[in-house]
Amino acid sequence: MATTPGSTPQDFTDLDELARLSPYEDEDDGDDAVRREAAADESSRASRHWWDRNADEYQDEHGEFLGDDRFTWCPEGLDEADVRLLGEVAGKDVLELGAGAAQCSRWLAAQGARPVALDISYRQLQHSRRIDLGRGAEPVAVVQADAAVLPFADGAFDLACSAYGAVPFSADTAALMREVHRVLRPGGRWVFSVTHPIRWAFPDDAGVEGLTVSASYFDRTPYVEQDDQGRATYVEHHRTVGDRVRELVGAGFRLLDLVEPEWPAGHEQEWGGWSPLRGRLIPGTAIFVAERG
């Protein structure tokens, strides 16, 4: 289980105790949004703090859509149960990166896999523990760590996956790809979903304002939210489709597929900049399916 100084998830005996643990609920989020460089250490620190501070709100807002044990790849609602991008998972050791409350790992465990859910945010992993306590189920194995520096032995896993976790928040995703390659066994699949790179050319707006190009697709300058002292509180990094392919190939992977889910008929739920209006016109998600050489 994940640990931080002074407490561990094993200390939690009831849901009421879990509910009152967040130290961030009264903080003001009046941060400025800019485009500027953000190195690995700054990005990692900002991500850990942001997700610790916003995990409660995130799970409250999206928990019903995510479910407790659903493996959905994206706001379009594409489920692993239907598409099987990971292939056969029963009996496999699976690493989930940026797992949040480990909903995907819980689904994997139900299919007979042995998942480990990794996240940089301690508070997100507390929500995993909350869900397990509420279900009276065997807890999902969780680890608190940065996905770019994985605390596992070489060849420890058969499969690795990430549904909008870790990859967009890492300043050096080439290094992250090498780390995933290192901990996978030969022939192991690495499947991850991210915001479709073309979305970086459009405003992050669910309405008609989000349909007009406002920035260069080729501008890799990170999106940064910073406090009044210029310290990053949230960082997201952009790579083009070509960048992602070169990172994978450079790390020793073979690209098997690039899935761009279409917006499904009858799906009317908005999620940030994802909406039926935009989803029916431009892709919102890119899912990379790769295999370790």
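The values are calculated or read from the model by the stated rules, or taken from the named source; none is laboratory data. All figures in this text were calculated on a predicted structure; none of them were measured in a lab. Note that we place each Cβ from the backbone using ideal geometry, even for glycine, and neighbour counts take in every protein chain shown.
Taking the criterion of being modelled with pLDDT of 95 or more, buried (at least 18 other Cβ atoms within 10 Å of the Cβ) and under 20 Å from E37 (Cα atoms), would at least one residue in region 175-191 satisfy it?
Within region 175-191 (the criterion being modelled with pLDDT of 95 or more, buried (at least 18 other Cβ atoms within 10 Å of the Cβ) and under 20 Å from E37 (Cα atoms)), the answer is yes, since at least one residue qualifies.
Which one of these does L21 not meet: (1) under 28 Å from A109 (Cβ atoms); (2) at pLDDT 95 or above; (3) surrounded by fewer than 17 Cβ atoms within 10 Å (Cβ to Cβ)?
The number of the failed condition is (2).
Looking at (1) without any contact (Cβ under 8 Å) to a residue 60 or more places away in the chain; (2) of a type outside the set (S, T, Y); (3) touching a helix residue (DSSP H, G or I) at 6+ places or on another chain (Cβ under 6 Å), find the lone condition where R220 falls short.
Of the numbered conditions (1) without any contact (Cβ under 8 Å) to a residue 60 or more places away in the chain; (2) of a type outside the set (S, T, Y); (3) touching a helix residue (DSSP H, G or I) at 6+ places or on another chain (Cβ under 6 Å), the odd one out for R220 is (3).
Within region 82-99, identify whether any single residue is assigned to a helix (DSSP H, G or I) and modelled with pLDDT of 95 or more, and answer yes or no.
Checked region 82-99: at least one residue is assigned to a helix (DSSP H, G or I) and modelled with pLDDT of 95 or more.
Could you count how many residues in region 122-158 are in a strand (DSSP E or B) and either of a type in the set (S, T, N, Q) or farther than 23 Å from G188 by Cβ (or both)?
1
Scan region 160-188 for residues that are part of a strand (DSSP E or B) and in contact with a Gly (Cβ under 6 Å, 6 or more places away or on another chain) and jot them down.
The answer is S162, R185.
Checking P197 against (1) closer than 15 Å to R35 by Cβ; (2) in contact with a Lys or Arg (Cβ under 7 Å, 6 or more places away or on another chain), which test does it fail?
The failed condition is (1).
Answer yes if at least one residue in region 247-264 is in contact with a His (Cβ under 7 Å, 6 or more places away or on another chain) and among the acidic types (D, E), and no otherwise.
Yes, that holds for at least one residue.
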